[in-house]
Amino acid sequence: MSNIKPYEGKSYEIIVVGAGHAGTEAALAAARMGHDTLLMTMQLDSIVALSCNPNIGGTGKGHLVREVDALGGEMALNIDKTYLQSRMLNTSKGPAVHSLRVQADKREYHEAMKTVLENEPNLTLRQGEVVSLLYEGDIVTGVATATGAIYRAKAVIVCTGTYLRGRIFMGELNYSSGPDNMRPAEELSSSLTDMGIGLRRMKTGTPARIHKDYINYENMELQEGDETVVPFSFLNSEKILDRPQIPCYLTYTTPKAHEIIRENIHRSALYLGDIEGVGPRYCPSIEDKIVRFPDRDNHQVFIEPEGASTKEMYVQGVSSSLPEEVQMEIYKNIEGLENVRFMRSAYAIEYDAIDATTLKNSLEHQKWNGLFFAGQINGSSGYEEAAAQGIIAGINAVLKIEGKEPLILDRSQAYIGVLIDDLVTKFTDEPYRMMTARSEYRLTLRQDNADLRLTDLGYEVGLVQKNRYDHFYHKKENVDSELKRLQNIVLTPTEATNSVLEGLNSAPIKTAVTMAELLRRSELNYLSLAPLDIERPVLKKEVWEQVEIQIKYEGYIQKQQQQIDKFRKLESQPLELEFDYDDVQGLSTEARAKLKQIKPQSVGQASRISGVSPADINVLLIYLEMRRRRKFNEMA
Ligand SMILES: Cc1cc2nc3c(=O)[nH]c(=O)nc-3n(C[C@H](O)[C@H](O)[C@H](O)COP(=O)(O)OP(=O)(O)OC[C@H]3O[C@@H](n4cnc5c(N)ncnc54)[C@H](O)[C@@H]3O)c2cc1C
């Protein structure tokens, strides 16, 4: 490459490297906030490639999609245009874990996003490989490409996913490659290493794709989509989405398949020891499952369509790095796949990722000014996790070059806050997947109220456009006024009222109650109370649903708010990056070392670092108080 003659290309304000799920959100955010942005990616034909499972959302991940949407992102709008099947999960449980999971038409998803990128003002979409970053002192100033182009910028966002020094593994075979045999990015890693940015190997895997006409669906369980499709985007909340839905199927592995795996486990790249990187615990390969759960006779396998115009079917639950011939024997022993015809084989892929604890909670690098990282390169796993980091990195790169404070969402505001805080505070040695269990404030961080939590913040930073803000504002106004109205309606124990309640299998009232109090009864809901609420205004579903949730869970939400207030106390105690922990007497050796390594930006963040005890936090708080008083006295 070195004999390529460099040439000066156009300068931009922001450059984004990689048009995956992180890069597209980052680039769109920067361009929509009015800044001249270059989105450079290795293949225009793999923009937002769904390299693994063809679905968006699911538990925890659906929350992230809604939050990206609420902030003015594109992912939710894109999937509402290109879904194949939509299901709301966990509806038998409380609203905190209701999660939308939507199958995407992979080809359409890619094309729809590419169209959005091509038509976005301020955004230049360019095919090419970034081979190095440019810098002066500790300031990043641009990128160089494999074709010799030099592009200058005030900020660079690296979103290279699973491509950096990508290597595919299939049994004894391994070769340099990005996902799906796309070209890997071989050179940027050494540029990052030269800048002192540590890299580590991570790994993930995917199952085979098989031909739909060679599947026997007879003994499989049909999995249909919901009759009424709930849109992912708040902007579509009142729209009827009625694309034709395609079913999925549930089947199972067999003891014979398990036997084949056990007999060949020594040929799996993972067990051969060829793979150095650590894989995602929550998306284990079939080999891992057999080893981890030796007594299980079968494992669930979901057969999912990849697109309306393709015969390819995704086999969820059977990712593997075993040799191809062994894979085929395994698949033939999955119920209904006796005549299986492979279209793409399963494989594992290893790639370079950074240690995200070297980043600030704005996703800017602690040492390199103007350099941001987002997506799988930060050690996360999943399209949704990538998109969430991408939009925040895009917003913060803009705020950086505008000389403004970054947008930091804390753990009580958003799952995005939980995601980024976990990545930059707790070293994760395996790809990090979002789950609702990772949040301390699940009941507050529901997917249904992401707009009420975040849209005004997106508007303040200049990303949320007027139409979205107006939609949000009217919803909020209507929710607030309806809450007030229901709290002010007083029902007395008349015969008429009590006979309605009786009709609803609800106990009669003996004293005056408000409509809100009635609505708290589990057997009653907003719609069923209509006969008692004759002056009720006509409200949109998203409004009365919100009102119902806020009233029914009011007690729990208030209790959680008290915990949040306590959390925010420590979160609002800042710690500067260059804080001198050697000056703090009484810290444990382990805590001092960890604090110096991770450089937390608040006492709250410090309290979440493993190895930093509550006693260490007390020592720190006392030290900060003493320092504050000293400064005060010096100024007095
Ligand atoms: C085989 C496989 C299995 C997976 N399994 C799972 C799973 O089970 N569960 C799960 O949640 N997630 C899984 N994923 C992960 C999921 O695909 C990623 O999390 C997601 O795609 C990450 O998004 P991203 O934007 O960070 O990167 P990507 O989507 O990988 O996009 C990166 C982009 O950067 C471009 N690029 C890279 N280097 C350069 C460069 N030097 N110059 C210019 N452009 C560059 C690439 O062309 C690509 O477009 C899997 C991914 C793969 C590949």
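The values are calculated or read from the model by the stated rules, or taken from the named source; none is laboratory data. Everything numeric here is computed off the predicted structure, so don't read it as measured data. We place every Cβ from the backbone using ideal geometry, glycine too, and count neighbours over all the protein chains shown. For accessibility, only protein heavy atoms count, side chains too; no ligands or nucleic acids. Shrake-Rupley method; radii C 1.70, N 1.55, O 1.52, S 1.80 Å.
Of all DSSP beta bridges located in the chain, what percent are antiparallel, nearest 5? Could the numbers behind the result be given before it?
Working: 56 of 78 bridges.
Restricted to the chain, the bridges split so that about 70 percent are antiparallel.
Here the relative contact order of the chain, from alpha carbon pairs under 8 Å that lie six or more residues apart, stands at 16 percent.
Give me the Kirkwood hydrodynamic radius of the range 191-310 in Å, from all C-alpha pairs, to one decimal place? Could you put the intermediate results ahead of the total?
On the way: mean 1/r = 0.0542 Å⁻¹.
Kirkwood hydrodynamic radius for the range 191-310: 18.5 Å.
Between the range 172-220 and the range 445-479, the alpha-carbon centres lie 37 Å apart.
Translational diffusion coefficient of the range 409-462 (Stokes-Einstein, Kirkwood radius from Cα pairs, 4 °C, 1.567 mPa s): 108 µm²/s. Toward the positive end of the charge dipole of the chain, with +1 on the Cβ of Lys and Arg and -1 on the Cβ of Asp and Glu, the farthest Cα among LEU38, ALA450, GLY611 is that of GLY611.
What number comes out for the charge environment of ARG165, summing +1 per Lys or Arg and -1 per Asp or Glu over other residues with Cβ under 15 Å away? Value of the local net charge: -3. Dipole of the chain computed with +1 at Lys/Arg Cβ and -1 at Asp/Glu Cβ about the Cα centre; of ILE215, GLN316, THR357, farthest Cα towards the positive end is THR357. Summing charges over neighbours of TYR441, with a neighbour being any other residue whose Cβ is under 13 Å away from its Cβ, gives +3 when K and R count +1 and D and E count -1.
Say R0 is 41 Å: what FRET efficiency, to the nearest 0.05, do ASP533 and LYS404 get from their beta-carbon distance?
Numbers: r = 46 Å, r/R0 = 1.12.
With R0 = 41 Å, the Cβ-Cβ based efficiency is 0.35.
Helical content of the chain, expressed as a calculated mean residue ellipticity at 222 nm, amounts to -10500 deg cm²/dmol (DSSP H runs of 4 or more residues, -39,500 (n - 2.57) each, divided by residue number, nearest 500). Based on Cα atoms of the chain, Rg over Rh with Rh as the Kirkwood radius reads 1.00.
Take the chain with all the other protein chains still there, run a 1.4 Å probe, and you get 42 Å² of accessible area per residue. Residues whose amide H lies under 5 Å from that of ALA104, counting only those 5 or more places away or on a different chain, are ASN55, ILE56, LEU84; hydrogens are built 1.01 Å from N in the peptide plane.
Among the listed pairs LYS475/LYS510; LYS81/LYS289; LYS106/LYS203; LYS93/LYS475, those with a Cα-Cα distance over 27 Å are LYS475/LYS510; LYS81/LYS289. Listed by chain and number, the lysines whose alpha-carbon sits under 20 Å from that of LYS594, ignoring those within fewer than 8 places in the same chain, are LYS360, LYS367, LYS426. Reported to the nearest whole Å, the Cα centre-to-centre distance from the range 568-622 to the range 1-55 is 37.
Under 17 Å of direct C-alpha separation, and excluding same-chain neighbours fewer than eight residues apart, LYS114 reaches these aspartates and glutamates: GLU25, ASP45, GLU74, ASP80, ASP105. For LYS559, which aspartates and glutamates qualify as cross-link partners when the Cα separation must be under 16 Å and same-chain residues fewer than eight apart are set aside? By straight Cα distance, LYS559 reaches GLU440. Packing here is the average count of other Cβ atoms within 10 Å per residue, and on that basis the peptides 312-324, 273-285, 478-490, highest first, run 312-324, 273-285, 478-490. Normalised radius of gyration (Cα atoms, divided by 2.2 N^0.38 Å) for the range 481-557: 1.04. In order along the range 363-376, the Karplus-derived 3J(HN,Hα) couplings, from 6.51 cos²θ - 1.76 cosθ + 1.60 at θ = phi - 60°, round to 6, 7, 5, 5, 9, 9, 5, x, 10, 10, 10, 8, x, 4 Hz, and Gly and Pro are given as x.
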